[in-house]
Amino acid sequence: MTKANNILKSHTSEQLNPESALSAYEWINKPYNQRGLQNIVRDSVILPQCIEAYADNIAGFGVGVRYKDEFNSEAESLEMKQEFEKVQNIIKMLGAEIDVKEILMRVIKNRETFGIAYLECIRNLNGDVVQIENIKDVPSVEMTKPDGDFISYECRYGDEVVTRGKQFRKFRQIVAGKTVYFKEFGDTRIMDKRTGEYVESLDIVNRANEILVFSIGDYDYGEVRWIGQVLPQDGARKSEQLNNNYFLNGRHIPLMIAIRGGTLTDESKAKLKTYLNGIRGESAQHGFLIIEAESNGNRTAFDEDKPDIQVVPLSSILQQDALFQKYQDDARKKAQSAFRLPALYVGYTKDYDRATSYAAMEVTEKQVFQPERVFMAWQLNNKLLKSYDFKYCEVYLKEPEISNPDDMAKLISVANSAGGVTPNLAREIACKSIGRVSEDYKGNWGNIPLVYIKNTISQANTAVNAAISKARRDNSEDIIPILKGIKDAINEITKHTGGGE
């Protein structure tokens, strides 16, 4: 192993940071209220689905282990196999109580809710990460700007090692008046978790753990992907509250009572007042009211006309349906656009058929989920598991199999016509489509293209027919039965391969 020469200049970035005016290790204020973001997500009718779709499709298929690209073509050696099994065991043990997949899904949910997520990393005495924990209460975590001495650390590229320098942050979490300190991932100094101070030596129990940050954008506390949709989502929530308030407490005044030539009795006035004050909610539905009136006393004794009571319906001015439906639908589409998610991923499938569904999934996989998986895998390989110095293997986030059966059938048909499909390949495709394990046919013929086999059989059949005709012309009747036996054998093979005579 060779070690590169230490770089004396330009081994660290010297660009100015907007927080450079802060004093050393001063705690950075957050640009917006993270608790408020959490409340908006909780009350939204679309943001939870978008965030859940990100978590399910980025990390929900699990974490896998594979050989690095440069070792894929090599025969698996004992050393490679042992490293592969070691990486698998480490991934299984990283989560203390839950699967690593579930931990990463929670990290993604926090990252999409707050713009940033924190992973607490616990090392053993050898300095290797052996356990990770998702920090649930993201708003309770604060950080400083990178400051202090440049700490040297090594970067390995194959057999070459380069020494670099970096300034690290401090972190603290404050919950219910209690404070615990953390150091940034990769900081080799010893920190007291009770005070946040760096010390020369300290017992293991009081040493601070490290925090690995997953953020969106370049800001210290990240940037929420849907920050531009805060107003539409808040407006959609208020419109829902308005509709809900109407159905619960709305003044359902279905009619007006007009009286001519008389006045209501005191008892009817009291009943009407009680009715108007109580007609709200489901308890007031399907009720009725008895109104009594009496003469107003302005008529003569010979005038026997009774008071005229007229009921005027007011149902035409009542709210007929929920308000702001178009506004709410636009707010939903804006949120999906911020996440770049088609409606299929958030439960709206009205305008999709089989073909458009596969097209939407393929585009979203390539443009949204795969780049996110690459980002997460880089963090796992180049930071979290870096201390193990794996030579042959790497971890990756698994992805779904998205293939249109119609397109696959057309592709196989074209490939078969050109001689590109072997019996073993055809069997592998068929078994994969129905979820079974494929095993190759015994014999080398399973790796020979079907078209080549059929053409060979056809040529052999033609040659045997020509030989039989020649034997008849030459009166060589004794060899004709032999040739016919060969022809029968060829026809038997033809039946199994699907070819004709």
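Values in this text are rule-based calculations from the coordinates and carry no lab data. Please read these numbers as outputs of a predicted model, since none were measured by experiment. Neighbour counts are summed over all protein chains in view; Cβ atoms, including those assigned to glycine, are modelled from backbone coordinates with ideal geometry.
Under 18 Å Cα to Cα from Lys366, which lysines show up? Leave out anything in the same chain fewer than 8 places away.
Straight-line reach from Lys366, under 18 Å: Lys398.
Evaluate the distance, in nm, between pseudo-label points positioned 7 Å from the Cα of Arg354 and of Arg472 along their respective Cα→Cβ axes.
5.0 nm
Calculate, for Phe324 and Glu223, the FRET efficiency according to 1/(1 + (r/R0)^6) with r their C-beta to C-beta distance and R0 41 Å; round to the nearest 0.05.
It comes to 0.90.
Sort Ile40, Ile98, Ile448 by Cβ crowding within 10 Å, fewest neighbours at the top.
Least to most surrounded, the residues fall as Ile98, Ile448, Ile40.
Full extension from Arg123 to Leu78: what is 0.36 nm times the residue separation minus their Cα-Cα distance, to one decimal in nm?
13.4 nm
Given a Förster distance of 22 angstrom, what is the FRET efficiency for Thr195 paired with Lys136, based on the Cβ-Cβ distance and rounded to 0.05?
Between Thr195 and Lys136 the formula returns 0.35.
Run through the stretch 148-198 and list the GluC sites (Glu not before Pro) located in a DSSP loop whose Cβ has at most 15 other Cβ atoms within 10 Å.
Passing sites in the stretch 148-198 are Glu197.
Run the paramagnetic zone check for Asn245: 7 angstrom along Cα to Cβ, then residues of the stretch 24-46 with backbone nitrogen under 18 Å.
It comes to 43-44, nothing else.
Multiply the residue separation of Lys68 and Gln310 by 0.36 nm, subtract the distance between their alpha-carbon atoms, and state the gained length in nm to one decimal.
78.4 nm
Between the stretch 80-99 and the stretch 149-187, how many Å separate their Cα centres?
A separation of 24 Å, based on Cα centres.
Give me the distance between the Cα centres of the stretch 104-124 and the stretch 419-481, rounded to whole Å.
What the calculation gives is 58 Å, centre to centre.
Which lysines does Lys487 reach when only Cα atoms under 18 Å apart count, and residues fewer than 8 places away in its own chain are ignored?
Correct list for Lys487: Lys454, Lys470, Lys495.
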